[in-house]
Amino acid sequence: MKYKTLIFDADETLFDFKASEKDALKKTLIEYNIDYNENHHLEIYKEINTKIWKELEEGSITQSELKIERFRRFCEKLELDFNPENFAYSYMNHLSNSSILLDDALDLIQTLHKKFDLFIITNGLTKVQTGRIRNSIIAPYFKDIIISEEVGVSKPNPEIFEIIFKNNNIENKSSALMIGDSLTSDIKGGNNFGIDTCLFNPNKIEFKSEIKPVYEISYLKELLNHL
C-alpha cells in the first residue's frame, strides 16, 4: 500500500453538514418565535456563513469572533431584534446534536479502518464538533480527531497537520493522504504541508484554480481505487 495514514475533513466529506445546518437554523429561529422561511432565512445565513469562514481561512477573523459575528450580521441583514451571542449559543446547541453522515461514509470508514490509520481534521467549533463528530457512530474508528478551535490553528495552515503528525508519531509524509471537499482549506492545507491530497467533488464542479489535488473523486468509495 502506498498510504498508511488517511486524514479526512469532516463536514461535506463524511458528514452532511448542510442537512444539520438547515435543521439547527430552523429550530433556533422557531425557538426565538420567528416564522421560519427556508428559502429566505437559510440562503441569507449560508451566504454570511460562507463568507465569514473564508475570512477565518484568510486569518482576518478568529474562531471566537466568528461564533458571534456571523449572527450579528444575520441579525443586521434581516433587521431582527435579538442578542447575537444568545442566538449563537442556541444555534450551536442545536447543531451539536445533529450528526448526519453522507451516503457510504460509514461503510467506507469501516472498510478503511481494517488497513489504515484514520484521522480527522476539522475547522469546526469545539462545542459543535464534539457533539457531532466525537460522539458520532464513526468516531471510534479514528485514532485522533483534531478540532481547529481547540488547537488554535485552522486549515489551510500546515501547522494543524503538524499537530496530527507529532501527536501520533507519524514520520513519513509520503505515506499520508488528505481527503476533503474544499480546495482552499483541505487541498491547499495538505499541499502546504507536503502530503498528497484527494478532492471529494460529488457535484463534479469544474474548478479554475491553481490549487491542484493529486486525486479527485465524485463518490466516497471511489477513494478505494487510489489506495
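A few notes on this one:
- Sorted peptide list for 97-106, 12-21, criterion being average Cβ within 10 angstrom, highest first: 12-21, 97-106
- Alpha-carbon spread of segment 74-156, three principal axes, descending order, Å: 53, 28, 19
- Residues with amide H under 5 Å from that of PHE8, placed H, sequence gap 5 or more: PHE119, ILE120, ILE121, ILE179
- Charge dipole of the chain about the Cα centre (unit charges at C-beta), most positive-ward option of LEU108, SER90, ASN39: LEU108
- Residue-normalised accessible area of the chain, expressed per residue, 1.4 Å probe, Å²: 50 Å²
- For segment 60-89, the set of GluC sites (Glu not before Pro) satisfying both a DSSP loop assignment and a count of at most 14 other C-beta atoms within 10 Å is given as GLU79.
- Derived value for segment 138-227: Kirkwood hydrodynamic radius 13.9 Å. Basis is the mean of 1/r over every pair of different alpha-carbon atoms.
- Each Lys or Arg adds one and each Asp or Glu subtracts one; over the other residues with Cβ under 10 Å from the Cβ of LYS221, this totals -4.
- Sparsely packed trypsin sites (Lys or Arg not before Pro) within segment 187-227, loop by DSSP, other Cβ within 10 Å at most 15: LYS204, LYS208
- Put simply, when 54-61, 128-135, 212-219 are sorted by average Cβ atoms within 10 angstrom per residue, most first, you get 128-135, 212-219, 54-61.
- Column: log10 I(q)/I(0), Debye, Cα scatterers of segment 25-116, q = 0.10, 0.19, 0.25, 0.26 Å⁻¹: -0.36, -0.92, -1.30, -1.37
- Simple point charges give the picture: +1 on the Cβ of Lys and Arg, -1 on the Cβ of Asp and Glu, and for the chain a dipole about the Cα centre of about 580 debye.
- Debye equation applied to the C-alpha atoms of segment 114-187, log10 I(q)/I(0) at 0.13, 0.27, 0.28 Å⁻¹: -0.38, -1.52, -1.55
- With coordinates expressed along the principal axes, the C-alpha atoms belonging to the chain extend over 56, 35, 34 Å, beginning with the largest.
- Listed residue pairs exceeding 27 Å between alpha carbons, taken from LYS54/LYS77; LYS127/LYS221; LYS2/LYS46: LYS127/LYS221; LYS2/LYS46
The values are calculated or read from the model by the stated rules, or taken from the named source; none is laboratory data. As the structure is a computational prediction, the values presented were derived from the model and not from experiment. Using ideal geometry, Cβ is built from the backbone for each residue, glycine included, and neighbour counts are taken over all protein chains shown. Note: accessible area is taken over every heavy atom of the protein model, side chains too, but ligands, DNA and RNA are not part of it. Shrake-Rupley method; radii C 1.70, N 1.55, O 1.52, S 1.80 Å.
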